[in-house]
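**Q** Take a look at the following structure, please.
The values are calculated or read from the model by the stated rules, or taken from the named source; none is laboratory data. Small disclaimer: the values here were computed from a predicted structure and weren't measured. Neighbour counts are summed over all protein chains in view; Cβ atoms, including those assigned to glycine, are modelled from backbone coordinates with ideal geometry.
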Amino acid sequence: MKSIVTGGAGFLGSHLCDLLLEKGHEIICIDNLVTGNAKNIDHINSERFTYLKHDITKPIYFGDKIDYIFHLASPASPVDYLELPIQTLKVGALGTYNMLGLAKEHGARLLIASTSEVYGDPLVNPQPESYWGNVNPIGPRGVYDEAKRYAEAITMAYHRYHGIDTRIVRIFNTYGPRMRVHDGRVVPNFINQALKGEDITVYGDGSQTRSFCYVSDLVDGIYRLMMSDFTEPVNIGNPAEMSVLKFAEEVLEIIESDSKIVFEDLPVDDPKVRRPDISRARDVLGWEPKVSLKEGLEGTVAYFKEKLIK
Ligand code: NAD
Ligand code: UDP
């Protein structure tokens, strides 16, 4: 089984590469390192693993047969995609188009990493896959949300028109080791602030909610979806929903930090609620998350502690 992983030197992509190697796949990891880091794949020492530094908004060709394409490349943190609006739109549009072309050429199965952001600032909670979303196309977050919505649309068009075998995973907030210290997402921010005794920056009044999934659960869900026959989108995330303020308190408790919580401005169009309805993942994939927030945070805190010492 020969698999391509785009964005394979990123947080989720590198964990997916680890899982695919365990499952016996040969992997070509493609990443231009715009938000990733070669250190995330440094530990991989396998003849079945090749890394290619390449921007997938430009076409790429392979002689050998490709069986699976896991398309994860895209800036993912709000701080990253607000700094990289054009790259974000291009990788969602041109990057996905190029990967669909590759899938067509090789008769490969393609999975795209979509996001809970396709639901925007949702008016229903939890969000089932049947919900069409509430996205502001011209707001600052629109570059990410619309790139992913376009990626879903072109993927379904290739599936319907060309018969390409496709999968769409809608990923909800996921955390774990190998997130960048400064990627700006709430998990690395709060953990690093608490470890350094700095103020914990809660945006808005902290009443907005998120549901956090540990990375091992997430990549297990992605793998199951790829190996299933299911071509409609599937939510993968942990339905344990909590307010951002409560999350800050949990982090403080686990780290036993005396950092103070401070309140800063809420980013524009920040979704007020987010929680996956995972009925479909349960029914179709027999999947549900196994790692509790406490367990997952302990592993993540240990990783960031080591980064601080080094
Ligand atoms: P990440 O930033 O750690 O990884 C993304 C990787 O894609 C990086 O290594 C980056 O260098 C690479 N990349 C970006 N543009 C590229 C291009 N044009 N060519 C080649 N490589 C490129 O982020 P992540 O959290 O690992 O996210 C991975 C995927 O999962 C993304 O598509 C993201 O939208 C999606 N996702 C993640 C989450 C989450 O909570 N982590 C939630 C929803 C969706
Ligand atoms: N957030 C926060 N403080 C931070 C970083 C983020 O309060 O230092 C909030 C952010 O406004 C959002 C939630 O935490 O409501 C999750 O933000 P993140 O950037 O992790 O991802 P999002 O879920 O918005 O894509």
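**Q** Looking at segment 2-27 only, could you name the residues that are within 12 Å of ligand 1 (Cβ to nearest atom) and either more than 16 Å from the chain's Cα centre (by Cα) or not in a loop (DSSP other than H, G, I, E, B) (or both)?
**A** Pass one, segment 2-27, residues within 12 Å of ligand 1 (Cβ to nearest atom): 4-17.
Matches in segment 2-27: Ile4, Val5, Thr6, Phe11, Leu12, Gly13, Ser14, His15, Leu16, Cys17.
**Q** Go through the residues of segment 213-225 one by one and say whether even a single one is surrounded by fewer than 16 Cβ atoms within 10 Å (Cβ to Cβ), away from ligand 2 (no atom under 13 Å from the Cβ) and either of a type in the set (Phe, Trp, Tyr) or touching a residue at least 24 places away in the same chain (Cβ under 8 Å) (or both).
**A** no
**Q** Among the listed residues Val187, Val169, which satisfies the condition of being β-branched (Val, Ile, Thr) and either part of a helix (DSSP H, G or I) or more than 19 Å from Leu218 (Cβ to Cβ) (or both)? Give the steps one after another, and end with the answer.
**A** Values: Val169 fails: either part of a helix (DSSP H, G or I) or more than 19 Å from Leu218 (Cβ to Cβ) (or both).
Selected residue: Val187, the only one of Val187, Val169 that is β-branched (Val, Ile, Thr) and either part of a helix (DSSP H, G or I) or more than 19 Å from Leu218 (Cβ to Cβ) (or both).
**Q** Please name all residue pairs, on different chains or six or more residues apart, with Cβ atoms under 7 Å, provided the first residue is in segment 141-170 and is within 17 Å of Asp67 (Cα to Cα) and at pLDDT 95 or above and the second residue is among the small types (Gly, Ala, Ser) and part of a helix (DSSP H, G or I).
**A** Ile164/Ala103
**Q** Condition (residue is under 30 Å from Gly142 (Cβ atoms), within 15 Å of ligand 1 (Cβ to nearest atom), of a type in the set (Phe, Trp, Tyr) and in contact (Cβ under 8 Å) with a residue 60 or more places away in the chain) applied to segment 242-265: is it met by at least one residue?
**A** So far as segment 242-265 goes, yes, one or more of its residues are under 30 Å from Gly142 (Cβ atoms), within 15 Å of ligand 1 (Cβ to nearest atom), of a type in the set (Phe, Trp, Tyr) and in contact (Cβ under 8 Å) with a residue 60 or more places away in the chain.
**Q** Going by the conditions given, is His54 exposed (fewer than 12 other Cβ atoms within 10 Å of the Cβ), at pLDDT 95 or above, away from ligand 2 (no atom under 16 Å from the Cβ) and not acidic (Asp, Glu)? Step through it out loud before you land on a result.
**A** Numbers: exposed (fewer than 12 other Cβ atoms within 10 Å of the Cβ): no; at pLDDT 95 or above: yes; away from ligand 2 (no atom under 16 Å from the Cβ): yes; not acidic (Asp, Glu): yes.
So His54 fails the test.
**Q** Here's something else I'd like to know. Would you point out which residue out of Ile30, Ile60 is in the same structural domain as Gly95 (by TED's automatic domain parsing), buried (at least 17 other Cβ atoms within 10 Å of the Cβ) and either out of contact with any Cys (no Cβ under 9 Å at 6 or more places or on another chain) or in a loop (DSSP other than H, G, I, E, B) (or both)?
**A** Numbers: Ile60 fails: buried (at least 17 other Cβ atoms within 10 Å of the Cβ).
Of the residues listed, the single one that is in the same structural domain as Gly95 (by TED's automatic domain parsing), buried (at least 17 other Cβ atoms within 10 Å of the Cβ) and either out of contact with any Cys (no Cβ under 9 Å at 6 or more places or on another chain) or in a loop (DSSP other than H, G, I, E, B) (or both) is Ile30.
**Q** Is it the case that Pro59 is modelled with pLDDT of 95 or more and within 17 Å of the chain's Cα centre (by Cα)?
**A** Working: modelled with pLDDT of 95 or more: yes; within 17 Å of the chain's Cα centre (by Cα): no.
Against the criterion (modelled with pLDDT of 95 or more and within 17 Å of the chain's Cα centre (by Cα)), Pro59 does not qualify.
**Q** Something else: Considering Val79, Val91, which residue is touching a residue at least 60 places away in the same chain (Cβ under 8 Å), within 12 Å of ligand 1 (Cβ to nearest atom) and of a type in the set (A, V, I, L, M, F, W, C)?
**A** Every option except Val79 fails the conditions.
**Q** Then there's this: Sort out which residues of segment 98-142 are assigned to a helix (DSSP H, G or I) and buried (at least 22 other Cβ atoms within 10 Å of the Cβ), and write them in order of number.
**A** If we filter segment 98-142 for residues that are assigned to a helix (DSSP H, G or I), which is where we start, we get 98-106, 116-119, 142.
Within segment 98-142, Met99, Leu100, Ala103, Ser116, Glu117, Val118, Tyr119 qualify.
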